[in-house]
């Protein structure tokens, strides 16, 4: 999979030798040969800049690295916003701010692979309902980032739960709901200032009951699952045709007028070219298998199935296909397609060698993804599986990073990665653990003991009831 | 003859469990009653009822012994934010009996009827340690929102048929944003409507004979609804008032005072801001302590500190789960309240004895005390923890299956994975 670097984002990393090498590799021949950038065309570039930071050492904590490893008592060194070193016996160099982690735990920043913060913000009033462009079954042309309200108070609440990055998706009313946006969970006035530099775009696809209910209820297609599939296939045929027209123009030495840009087909063509990742809302095992067949028919890859209550029934298939599963432990049963949800879904994907993710899809659950992972881990071990904390933490750190195409930069505590880190008051799998401090790119973004980090968003400023932390 | 034999067989199956004596020995017993906590205690259940709880309680001869050494023993949890027994799948209307849009049956809607003890939601909740629930009606009149009351809640057992423990434990009323919509779009309208309705009920009570002869003024409520509200105006049935905004809570307290009705608050997202007033009115509160987002204009002050602040002010709180399919999350919600300052004992009380007291069930459930029902859960760790699970659940002294449709699905698919 290729990661797409917008020009400005690329410059942001230009100071780091590792990043130059990495970007040069990523900006390989095939990328340069295609003038048409189906992924983003450089529009709406990230203006994110890390907050001020100093070299940092977290000493003496139990560390879950996000690579599967657990260090009983270790040190994390952070410099220039990056993880410098992680280990059991590290010397803290002079000039580093020292954080005492004894009796506490450290994990990578929590990453939510499925959020609607900003697009369904609080307060939930019609003026804010910006997550579903439910006006046509295919709205691949819309971008979630154009709906995100950075003042959604839930971003701050998520920081209190250790969330450092999130994938904001448009809703599931449509077969093609539009583009996702990946954000770093920093306070900001503009969405561009939260955009994760260089993160690839995603395309939200929805299976099953939602599209057929939304449109079938209006007496139009799709009103059945077969109608859903016909809608997907028609769109991919159009996208393949669009891509061919561009390629023909480019191979012809760009002679004559270029084809007219079509925002809807541009997004779909971005998927066909492997630049945009498919984030597929899909509950039932049989439907997931159909979606895999559609991907084969048109030559693209599905990056993750979301919700996926029945993923455990086809765990080996999903592992073989390299498709991540983003799901819950507790949520099931509201719809027929979610009736077979079980607590052990994510661990069973893990056991099959697949990529398991615990996601929230919810403004309250996003604050305690660690607990949701704990519930799945506990259920799995009760059922005779053997899941360690080191493994389970990946469900809310490294694996969502992988599904979002940012695993080379965040999701685990490894040298060179972004210093996105949480210091927990206790074992993060305990219901009593709270995120004491959260760093994003090495800068403190949340401190439970410091009211300066708990201030209300602009919307809540001056509203009643803000005199205590939330 | 066949029918008689079947009846005997059915009795025969039920009899041993009911007549059985069970001794749960050696566990850390958190009674939630006057005995407090026993580091190593024994609970004796005979004929479905608890007969003794103590550190040195002798085990009766012939008792079935459940060794709970190293375990934690608590009363069964009581869910108060749920419609267990009334719903299977939200998007399958025929399987959702939580409410009706029949305007003749608003207050009269009775969740004690139509209960389904075979619901697949029940074993899932039970595996979360829940043994009793308040099956609560939900308004089914969106988008027009015409009904003033959703109906009457019923206390139910999760131990199979018959489910019903007690009918009419509360009358469901929505105030705040939703109540305003019901009354035509503004809060003041609902308060006027409520006073008018209680006036009608009192008038009806005073003129029953004339009503039967058709000689009273015309009432806005149906006969069934008038009858249903009699226990409310007599103070025998509490109104369960869902409300969040601090000012709405004050309005609810004032309405209850003026009408001399008993109320329970539900939701109370901004309850902490008026905690002393709630405590002074001796009004209990059902809360979801994880609700800290300003999801609406009536929840601008929502905070994770709500449970602690209400409890510190002396309010009796019960902690709710996350509804029906997710009722099992109730104990984690209590754990989160503890993580945010509520004492652990108060957290456990909020899912056991407090809801039992609030709904008038404390003579039967909510604590481990002689005379109460044998609803007991044995845990492999702290019952409020994400990393703990029940190892045994007894309802009326009867062992409940530690399986659900979900665990059966797991057991169908897991072996193939383990062989890989």
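The values are calculated or read from the model by the stated rules, or taken from the named source; none is laboratory data. All values derive from a computational prediction rather than experimental measurement. Here Cβ is always computed from backbone atoms with ideal geometry, including for glycine, and neighbour counts include all displayed protein chains.
At a glance:
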quantity	calculated
Residues within segment B:403-417 that are more than 7 Å from chain A (Cβ to nearest Cβ) and either surrounded by fewer than 21 Cβ atoms within 10 Å (Cβ to Cβ) or touching a helix residue (DSSP H, G or I) at 6+ places or on another chain (Cβ under 7 Å) (or both), tallied	8
Filtered residue count, segment B:88-123, keeping only those that are more than 16 Å from residue B:141 (Cα to Cα), surrounded by 17 or more Cβ atoms within 10 Å (Cβ to Cβ) and within 14 Å of chain A (Cβ to nearest Cβ)	6
Residues located in segment A:440-470, provided they are surrounded by fewer than 16 Cβ atoms within 10 Å (Cβ to Cβ) and facing chain B (nearest Cβ under 7 Å)	A:463, A:464, A:468
Identity of the residue in segment B:146-173, within 23 Å of residue B:246 (Cα to Cα) and over 17 Å from the mean Cα position of the chain (by Cα), that ends up surrounded by the fewest Cβ atoms within 10 Å (Cβ to Cβ)	B:148
Of all residues in segment B:263-290 being more than 13 Å from chain A (Cβ to nearest Cβ), closer than 21 Å to residue B:82 by Cα and not in a strand (DSSP E or B), the one that is farthest from the chain's Cα centre (by Cα)	B:283
Filtered residues of segment A:369-382 (kept if surrounded by 24 or more Cβ atoms within 10 Å (Cβ to Cβ) and more than 7 Å from chain B (Cβ to nearest Cβ))	A:369, A:370, A:372, A:373, A:376, A:377, A:379, A:380
Complete set of residues in segment A:350-384 that are under 16 Å from residue A:317 (Cα atoms), out of contact with any strand residue (DSSP E or B) (no Cβ under 7 Å at 6 or more places or on another chain) and assigned to a helix (DSSP H, G or I)	A:351
Those helices (runs of 4 or more DSSP H) lying entirely in segment A:257-338 with at least 2 residues under 25 Å from residue A:350 (Cβ atoms)	A:285-298, A:315-321
Filtered residues of segment B:155-177 (kept if within 19 Å of residue B:101 (Cα to Cα) and part of a strand (DSSP E or B))	B:171, B:172, B:173, B:174
Those strands (runs of 3 or more DSSP E) lying entirely in segment B:36-96 with at least 1 residues over 23 Å from the mean Cα position of the chain (by Cα) and within 28 Å of residue B:155 (Cβ to Cβ)	B:37-46, B:49-54, B:64-67
Top-ranked residue of segment A:305-339 - restricted to ones that are more than 11 Å from chain B (Cβ to nearest Cβ) and surrounded by fewer than 21 Cβ atoms within 10 Å (Cβ to Cβ), ranked as nearest to the chain's Cα centre (by Cα)	A:322
Scan of segment A:166-212 for residues that are assigned to a helix (DSSP H, G or I) and without any contact (Cβ under 8 Å) to a residue 60 or more places away in the chain, ordered by number	A:212
Number of the condition not met by residue A:67 [criteria: (1) in contact with a helix residue (DSSP H, G or I) (Cβ under 8 Å, 6 or more places away or on another chain); (2) surrounded by 20 or more Cβ atoms within 10 Å (Cβ to Cβ)]	(2)
Residue count, segment A:383-395 (criterion: more than 13 Å from residue A:329 (Cβ to Cβ) and either more than 8 Å from chain B (Cβ to nearest Cβ) or without any contact (Cβ under 8 Å) to a residue 40 or more places away in the chain (or both))	8
Number of positions in segment A:350-362 that are at negative phi and more than 7 Å from every other protein chain (Cβ to nearest Cβ)	9
Selected residue (only one of A:437, A:394 is crowded, with 23+ Cβ neighbours inside 10 Å and in a helix (DSSP H, G or I))	A:394
Residue under evaluation residue B:310, criteria (1) more than 30 Å from residue B:237 (Cβ to Cβ); (2) in contact with a helix residue (DSSP H, G or I) (Cβ under 8 Å, 6 or more places away or on another chain); (3) modelled with pLDDT of 95 or more, criterion not met	(1)
Residue in segment A:285-303 that is surrounded by 24 or more Cβ atoms within 10 Å (Cβ to Cβ), within 13 Å of chain B (Cβ to nearest Cβ) and out of contact with any strand residue (DSSP E or B) (no Cβ under 7 Å at 6 or more places or on another chain) present	no
Test for residue A:342: is it crowded, with 24+ Cβ neighbours inside 10 Å, at the interface with chain B (Cβ under 9 Å from one of its Cβ atoms), outside any helix (DSSP H, G or I) and modelled with pLDDT of 95 or more	yes
Selection from segment B:291-331 of residues that are under 18 Å from residue B:354 (Cβ atoms), within 9 Å of chain A (Cβ to nearest Cβ) and crowded, with 24+ Cβ neighbours inside 10 Å	B:329, B:331
All positions within segment B:179-198 that are without any contact (Cβ under 8 Å) to a residue 60 or more places away in the chain and surrounded by fewer than 15 Cβ atoms within 10 Å (Cβ to Cβ)	B:184, B:185, B:186, B:188, B:192, B:196
Among (1) more than 9 Å from chain B (Cβ to nearest Cβ); (2) closer than 18 Å to residue A:113 by Cα; (3) touching a strand residue (DSSP E or B) at 6+ places or on another chain (Cβ under 6 Å); (4) in a helix (DSSP H, G or I), the one test that residue A:347 misses	(3)
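Table: residues versus (1) within 20 Å of residue B:330 (Cβ to Cβ); (2) out of contact with any helix residue (DSSP H, G or I) (no Cβ under 7 Å at 6 or more places or on another chain).
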| residue | (1), (2) |
| --- | --- |
| A:334 | yes, no |
| A:339 | no, yes |
| A:347 | no, no |
| A:352 | no, no |
| A:360 | yes, no |
| A:364 | yes, yes |
| A:392 | no, no |
| A:416 | no, no |
| A:424 | no, yes |
